[in-house]
Each structure stands twice: as structure tokens, then as C-alpha cells.
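The values are calculated or read from the model by the stated rules, or taken from the named source; none is laboratory data. Keep in mind it's a predicted model, so treat the numbers as computed, not measured. Glycine also receives a Cβ, built like all others from the backbone with ideal geometry; neighbour counts cover every protein chain displayed. In case anyone asks, the SASA skips ligands and DNA or RNA and just uses the protein heavy atoms, side chains included. Shrake-Rupley method; radii C 1.70, N 1.55, O 1.52, S 1.80 Å.
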Amino acid sequence: MPAMHVTEAESAVLDALWRCGPLPPARLVLEVKARRDWGEATIKTLLGRLMQKKIVRSAKTDGVLRYHPLIDRQAYVASEVDQLVARLFDGDRAALATFLATAPAEG
């Protein structure tokens, strides 16, 4: 699976869409603001980036504009794990599994 190149900030916008389903602009802003201390302009900028990357699309349904994620959370998580394994474990998933099984818990 190719890397999706979603930043941590962009993932906050996606998270709102995954949690709530397709959302109109004002509701999307409210959902993101409920979890992040960001202004509306920042959220709209992130949304614009996701649309340019073809990870989110907008569509009118019954005259209401809504934003829709074009990837599901599972695909996103798989892509993030693949990138982590490639970067830290030379692509060896078994090495990641061993690390997770033997690493002491933080906290």
C-alpha cells in the first residue's frame, strides 16, 4: 500500500469524519475544535490539504455540502504502521512484534 502522507494535524480532521461520518463545514469545524485548540482558518487549511491529496472530498446531498473521507481508518492505520516498520525496523514486521512484546511499558 502506498504511503498516504497524512500529517498528524490532518489526521485530526480525518478523525472527526471517521467518528461522525460525513459532515457539513460548520459541524466539522466544531468537531475538530472540541478536541483541538485550533482556529477555523487552521481547520479549513488542513481540510484543503486533505482535499488536494484526494483523501477527503466534498459533495452536496439534499442541498447540503458535506465532507467525506475517501480512506477508512483501518487503511490509514495500516499505512502508518507500514511507514513505522520501514523506518524503524527495516521493513521487518516480526521485529516490531518482538519489540512490542518485550519492551517495558512506559508510565
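How many residues does the range 75-107 hold that are in a helix (DSSP H, G or I) and surrounded by fewer than 10 Cβ atoms within 10 Å (Cβ to Cβ)? Give the derivation first.
Step one: of the range 75-107, the residues in a helix (DSSP H, G or I) are 75-88, 93-102.
Going one step further and asking which of them are surrounded by fewer than 10 Cβ atoms within 10 Å (Cβ to Cβ), we end up with 87, 94, 100-102.
Count: 5.
For ALA12, are the conditions met, namely being among the small types (Gly, Ala, Ser) and either at pLDDT 95 or above or touching a Pro at 6+ places or on another chain (Cβ under 9 Å) (or both)? Before the answer, list the steps.
Values: among the small types (Gly, Ala, Ser): yes; either at pLDDT 95 or above or touching a Pro at 6+ places or on another chain (Cβ under 9 Å) (or both): yes.
Judged against the criteria, ALA12 is a match.
So which residues in the range 51-74 are out of contact with any Leu (no Cβ under 7 Å at 6 or more places or on another chain) and surrounded by 14 or more Cβ atoms within 10 Å (Cβ to Cβ)?
MET51, LYS53, LEU70, ILE71, ARG73
Return the residues of the range 1-49 that are β-branched (Val, Ile, Thr), open to solvent by 50 Å² or more (accessible area, probe 1.4 Å) and not in a helix (DSSP H, G or I); say none if nothing qualifies. Before the answer, list the steps.
Going through the range 1-49, the residues β-branched (Val, Ile, Thr) turn out to be 6-7, 13, 29, 32, 42-43, 45.
Checking which are open to solvent by 50 Å² or more (accessible area, probe 1.4 Å) leaves us with 7, 42, 45.
Selection gives THR7 alone.
In the range 50-72, which residues are within 14 Å of the chain's Cα centre (by Cα), over 15 Å from GLU8 (Cβ atoms) and in a helix (DSSP H, G or I)?
MET51
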